[in-house]
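Each value in this text was obtained by applying a stated rule to the coordinates, not by laboratory testing. This one's a predicted model, so the numbers in the text were calculated from it and none came from an experiment. All Cβ positions, glycine included, derive from the backbone under ideal geometry; neighbour counts span all protein chains shown.
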Amino acid sequence: MSVLQRKDVRGNGAAGGPVAQRAVGERSGGAAGGAPAAPPDPELVERPQRRRFTAEYKINVLREADGLSQPGEIGALLRREGLYSSHLSTWRGQREAGLLEALARPRGRRPAEPLVAENAELRRRLSRSETELEKARRVIEAQGNVCALLGELHGPRGATENGSTGS
């Protein structure tokens, strides 16, 4: 049934008493015959995301706020953007210290030069190939040793009575 459909529920059976509304099909916690509602899973609690403002956005908001002169215009700007006045004061301090220009640069390591990256990749491939070659040499050597041992164990085939081989 729809949650929008509601029925009146009189409290404590008193006529003319307080009226509470309950959605149709909704049961109270002590209703007989219904399974108790499961408590919410604590693993699924979502934490609010912290907002992050780019340096470009901060500079644009500060330019707009600096251009306002009438009373109440800055408050309207803050409400429109969902900001607090402390944001403006912090960002102004960052602008004066030159931090906003520094924040505009990308973070992290500078990308390696293409030749250095290619050289490192080629060195890795060479090392891997040399390791595989050494393994292959060991396998070939082991196969040769097995072949020699098997040849010694079986001896010459087709030997005749007079000691010559039947080739």
So what are the ³J(HN,Hα) numbers for segment 54-59, from phi and the Karplus equation (6.51, -1.76, 1.60; θ = phi - 60°), rounded to whole Hz, Gly and Pro as x? 6, 4, 4, 5, 4, 5
Hull shadow area, averaged, segment 55-103 [alpha-carbon convex hull, nm²]: 3.2 nm²
For Glu81 and Arg109, what does the FRET efficiency come to when R0 = 45 Å and r is the distance between their Cβ atoms, rounded to the nearest 0.05? 0.85
Each label sits 7 Å from Cα toward the beta-carbon; between Ser129 and Leu153 the label points are separated, in nm, by 3.8 nm
Rounded to whole Hz, the Karplus (6.51, -1.76, 1.60) HN-Hα couplings of segment 125-132, x for glycine and proline: 5, 5, 4, 4, 5, 5, 5, 5
